Amino acid sequence: MIPPRGHKRAPARARQQSRALALSRMRPLAQMMLAMVFLLGFASLLSAEEKIIKSHGFSEFGALKYPEGFAHFDYVNPDAPKGGELSYAAQGTFDSFNPYTRQGRAAARAADQYESLLYPSYDEPAAYYGLLAESLEYPESQDWVIFNLRPEARFSDGTPVTAEDVVFSHNILLDQGLQSYAEAVRRRIPKAEALGPHRVKFHFAPDIPRRALITQVGGTPVFSKKWFEADPENRRLDKPRMEPGIGSGPYVLDSYDINRRVVYKRNPDYWGDHVNVNVGRNNFETIRIEYFSDSIAALEGFKAGEFTFRQENNSKSWASAYDFPAIDKGWVRREELEDGNVPSATGFVMNMDRPQFQDIRVREAVQLAYNFEWTNESLQYGLFRQRHSFWQNSPLEAEGLPEGREREVLQALGDDLSPGLLEAEPVMAHTSRADRQTDRRNLRRAMKLLDAAGWAVGDDGVRRNAQGDTLKIEFLSDDPVMDRIVMPFVDNLRVMGIDASYNRIDNAQFTLRRRERDFDMISSGYRTSLQPSTGLYQQYGSEAAAYSVFNPAGIHGPDIEALIDNIVAAREWEELSANTRALDRVLRAKRFMVPTWYLGKYWVAYWDKYAYPETLPPYALGIEDLWWADAEKADSLIASGALRQ
């Protein structure tokens with residue numbers, strides 16, 4: 001600024017002092033304004049980074065079907081009457097009410113008294129809604145999750161379900177639960193903490209995929225900390241016990257007769273009937289389970305009215321045994337209901353710890369001994385279909401040559417990938433002649449494979465290797481229904497020069513030997529789903545392969561491990577499906593199981609005293625929680641003498 005004419009300038013020193021004074025007065029204001037700008041920017045950045053999602057449920061992919069505050073699931077009858085009895089059969093024995101131990105055999109439904117924070121929907125895959133929790137909160141990164149518990153939730157003894165109970169349940173499963181579960185979960189979910197009486201937080205380990213972590217903790221059963229700590233020595237989770245424990249579910253133990261029956265009754269003070277995920281569910285007053293030595297004896301008990309609902313799994317019985325008078329009189333109904341689940345990957349499983357199964361040529365030869373077509377037509381009334389895939393009849397089934405993203409995933413495995421897998425269609429179950437038990441073409445092919453693997457036929461017709469070891473296979477079972485299915489398979493193995501035998505033992509021995517993987521072959525399988533995730537580590541992972549009860553074959557490998565990692569890390573359906581199809585292709589190529597059959601529907605028979613919703617959901621039969629007793633029909637059956645009071 002130029003001063004006006006005639007204005008007298010101040011001395012230079014005075015002018016400098018004046019400027020310094022002005023600057024000193026302005027500096028604190030500028031610093032304060034700069035700090036405010038910084039804080040506002042930091043807060044804005046923090047807000048953007050820490051965007052928190054609060055919801056009434058959780059879905060791995062896509063939006064939830066049911067909005068916040070929904071009244072009930074579409075597939076329930078919200079007006080279903082409460083009362084009456086459901087009765088069905090269980091096979092074998094029981095000596096415990098603790099379902100979380102490797103020791104002993106737990107009674108049927110022993111785990112059902114325990115509820116979880118979230119509950120699955122039966123008409124959308126991998127979608128869960130609040131049960132014990134009324135809401136959950138998590139950042140977009142899913143680095144942690146907070147569950148807000150329903151304050152009204154109560155255990156069956158009337159005590160409240162608290163965040164401390166949830167934390168205790170998580171920790172005791174890690175300390176005393178199944179080893180395969182504990183080790184997998186501890187590595188991924190290192191900490192749970194109670195933030196308040198009804199607020200619990202789970203922390204997830206850094207640098208691991210986030211898929212299924214929220215549903216993992218949301219599905220954890222919640223135990224009463226008070227009950228366990230009242231007698232910690234006798235109420236361990238890893239020991240069998242006849243005390244049922246205390247849960248928060250709608251049913252409690254009413255009575256039992258060891259190895260004969262178990263009866264559960266509705267808790268008259270159950271806290272959760274009003275919760276939307278429970279409306280129209282849990283309709284029976286009592287649930288009674290009758291025990292039988294085998295399924296044949298159980299069928300006779302059903303015919304006599306000793307129990308009134310039966311889900312059949314024996315094709316011979318379904319085709320020929322339901323011709324008794326109660327059927328003719330209309331007292332018993334027989335129905336086939338659709339099953340929308342991915343069929344379990346069942347078959348004759350080889351124990352990969354056994355030396356005779358180390359050569360894939362031996363495993364392929366063993367597969368060739370099974371004649372599905374003859375078995376199905378001659379023994380199973382043509383009712384089943386041949387299973388090929390671990391994700392049969394689903395978008396996750398590998399088909400044709402690998403293309404697109406699936407091919408890229410397989411190529412990334414490098415030297416860990418089995419030779420030729422990229423240039424071949426997935427391994428399919430072989431075809432056989434249906435008119436004879438022994439398909440000579442397949443057996444000749446099998447015997448050439450055994451010859452090439454070094455198992456030569458001796459003068460006695462038995463195969464031995466260069467060390468003189470006999471090629472021996474024992475097929476273990478506890479089910480007499482399997483006798484007629486397995487024996488022809490064993491006979492074909494013998495024709496090939498294998499010293500094969502079939503050994504049926506009692507339920508308790510079989511349970512122990514299966515858990516300890518003390519067998520050569522058994523009929524077993526692997527559960528599958530449309531959205532596979534961390535459970536694959538327990539089924540096929542390397543770390544748990546030596547002891548996991550969910551991996552009967554003990555199969556594992558670096559190629560399998562890498563694909564599981566990819567599946568768990570997948571955030572988009574396309575990535576999940578491509579990697580799962582690749583895993584299906586890899587598993588089938590390893591030939592550790594003889595694929596048998598699948599059905600794709602439920603076979604049910606029941607005394608005409610039950611009813612179910614007009615439209616059942618695709619992913620559950622729901623007999624115990626969606627069906628209900630029709631009192632008028634039940635009275636009619638009793639009045640006619642069909643059933644006892």
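Please specify each residue of the range 570-595 satisfying the condition of being more than 30 Å from Ala369 (Cα to Cα) and either among the hydrophobic types (A, V, I, L, M, F, W, C) or in contact with a helix residue (DSSP H, G or I) (Cβ under 9 Å, 6 or more places away or on another chain) (or both).
Step one: of the range 570-595, the residues more than 30 Å from Ala369 (Cα to Cα) are 570-579.
Scanning the range 570-595 gives Ala570, Trp573, Glu574, Glu575, Leu576, Ser577, Ala578, Asn579.
Looking at (1) touching a Ser or Thr at 6+ places or on another chain (Cβ under 9 Å); (2) open to solvent by less than 50 Å² (accessible area, probe 1.4 Å), which is the one condition that is false for Glu68?
Among (1) touching a Ser or Thr at 6+ places or on another chain (Cβ under 9 Å); (2) open to solvent by less than 50 Å² (accessible area, probe 1.4 Å), Glu68 violates only (2).
Select from the range 323-382 the residues that are more than 30 Å from Lys303 (Cα to Cα) and of a type in the set (Lys, Arg) and write down the one among them that is least open to solvent (accessible area, probe 1.4 Å).
By that ranking, first place goes to Arg363.
Kindly indicate which of Ala578, Ala634, Ala589, Ala639 is small (Gly, Ala, Ser), over 20 Å from the mean Cα position of the chain (by Cα) and open to solvent by less than 10 Å² (accessible area, probe 1.4 Å).
The unique qualifying residue is Ala578.
With respect to Gly497, determine if the residue is crowded, with 20+ Cβ neighbours inside 10 Å, free of Cβ contacts under 8 Å to residues at least 60 places away in the same chain and either touching a helix residue (DSSP H, G or I) at 6+ places or on another chain (Cβ under 6 Å) or not basic (Lys, Arg) (or both). Lay out the reasoning, then the answer.
Numbers: crowded, with 20+ Cβ neighbours inside 10 Å: yes; free of Cβ contacts under 8 Å to residues at least 60 places away in the same chain: yes; either touching a helix residue (DSSP H, G or I) at 6+ places or on another chain (Cβ under 6 Å) or not basic (Lys, Arg) (or both): yes.
The answer is yes for Gly497.
Please go through the range 424-453 and pick out each residue that is surrounded by 13 or more Cβ atoms within 10 Å (Cβ to Cβ), more than 30 Å from Gln411 (Cα to Cα) and touching a residue at least 60 places away in the same chain (Cβ under 8 Å).
Scanning the range 424-453 gives Ser432, Arg433, Ala434, Gln437, Thr438, Asp439, Asn442, Leu443, Arg445, Ala446, Met447, Leu450.
Which of the helices (runs of 4 or more DSSP H) found entirely inside the range 272-348 contain at least 1 residues meeting this: over 29 Å from Ala631 (Cβ atoms)? Give the derivation first.
Values: elements: 295-303, 315-320, 325-328.
Output list reads 295-303, 315-320.
Could you grab me the full set of residues in the range 71-89 that are open to solvent by less than 20 Å² (accessible area, probe 1.4 Å) and not in a loop (DSSP other than H, G, I, E, B)? It would help to see each step written out before you state the result.
Step one: filter the range 71-89 for residues open to solvent by less than 20 Å² (accessible area, probe 1.4 Å), giving 73, 75-76, 80, 83, 86-87.
Listed by number, the residues that qualify are Leu86, Ser87.
Consider Gln142 carefully, then state whether it is closer than 15 Å to Ser55 by Cβ and open to solvent by 20 Å² or more (accessible area, probe 1.4 Å). Please lay out each step first, then the result.
Working: closer than 15 Å to Ser55 by Cβ: yes; open to solvent by 20 Å² or more (accessible area, probe 1.4 Å): yes.
Yes, satisfied.
Out of all the residues in the range 609-631, which are of a type in the set (Asp, Glu) and open to solvent by 30 Å² or more (accessible area, probe 1.4 Å)?
From the range 609-631, those of a type in the set (Asp, Glu) are 614, 624-625, 630; that's our starting set.
Those that are of a type in the set (Asp, Glu) and open to solvent by 30 Å² or more (accessible area, probe 1.4 Å): Glu614, Glu624, Asp630.
In the set Ser394, Ser389, Ser295, Ser320, which member is surrounded by 16 or more Cβ atoms within 10 Å (Cβ to Cβ) and more than 30 Å from Ala582 (Cα to Cα)? Outline the logic, then answer.
Values: Ser394 fails: more than 30 Å from Ala582 (Cα to Cα); Ser389 fails: more than 30 Å from Ala582 (Cα to Cα); Ser320 fails: surrounded by 16 or more Cβ atoms within 10 Å (Cβ to Cβ).
Ser295 is the lone residue from the list that is surrounded by 16 or more Cβ atoms within 10 Å (Cβ to Cβ) and more than 30 Å from Ala582 (Cα to Cα).
Surrounded by fewer than 21 Cβ atoms within 10 Å (Cβ to Cβ), charged (D, E, K, R) and assigned to a strand (DSSP E or B) - does that describe any residue in the range 203-214?
No: the range 203-214 contains no residue that is surrounded by fewer than 21 Cβ atoms within 10 Å (Cβ to Cβ), charged (D, E, K, R) and assigned to a strand (DSSP E or B).
If I filter the range 151-180 down to residues being in a helix (DSSP H, G or I), polar (S, T, N, Q) and in contact (Cβ under 8 Å) with a residue 60 or more places away in the chain, which single residue comes out as most open to solvent (accessible area, probe 1.4 Å)?
Taking the range 151-180 and keeping what is in a helix (DSSP H, G or I), we get 163-176, 179-180.
Retained after the next criterion (residues that are polar (S, T, N, Q)): 169, 171, 176, 179-180.
Right, trim to in contact (Cβ under 8 Å) with a residue 60 or more places away in the chain and you get 176, 179-180.
On the way: Gln176: 33, Gln179: 90, Ser180: 7 Å².
Applying the filter and picking the extreme gives Gln179.
Go through the range 390-497 and tell me which helices (runs of 4 or more DSSP H), entirely inside it, have 2 or more residues that are within 15 Å of Val362 (Cα to Cα) and basic (Lys, Arg). Reasoning before the result, please.
Details: elements: 404-411, 440-452, 483-495.
By residue number, 440-452.
Here's a check for you: in the range 592-603, which residue that is surrounded by fewer than 19 Cβ atoms within 10 Å (Cβ to Cβ) and of a type outside the set (Phe, Trp, Tyr) is nearest to Asn376 (Cα to Cα)? Walk me through it before giving the result.
Going through the range 592-603, the residues surrounded by fewer than 19 Cβ atoms within 10 Å (Cβ to Cβ) turn out to be 599-602.
Now narrow it down to the ones that are of a type outside the set (Phe, Trp, Tyr): 599-601.
Details: Leu599: 12, Gly600: 15, Lys601: 16 Å.
Among those that are surrounded by fewer than 19 Cβ atoms within 10 Å (Cβ to Cβ) and of a type outside the set (Phe, Trp, Tyr), it is Leu599.
The values are calculated or read from the model by the stated rules, or taken from the named source; none is laboratory data. Please read these numbers as outputs of a predicted model, since none were measured by experiment. Every residue, glycine as well, gets a Cβ built from its backbone with ideal geometry; the counts of neighbours run over all protein chains shown. For accessibility, only protein heavy atoms count, side chains too; no ligands or nucleic acids. Shrake-Rupley method; radii C 1.70, N 1.55, O 1.52, S 1.80 Å.
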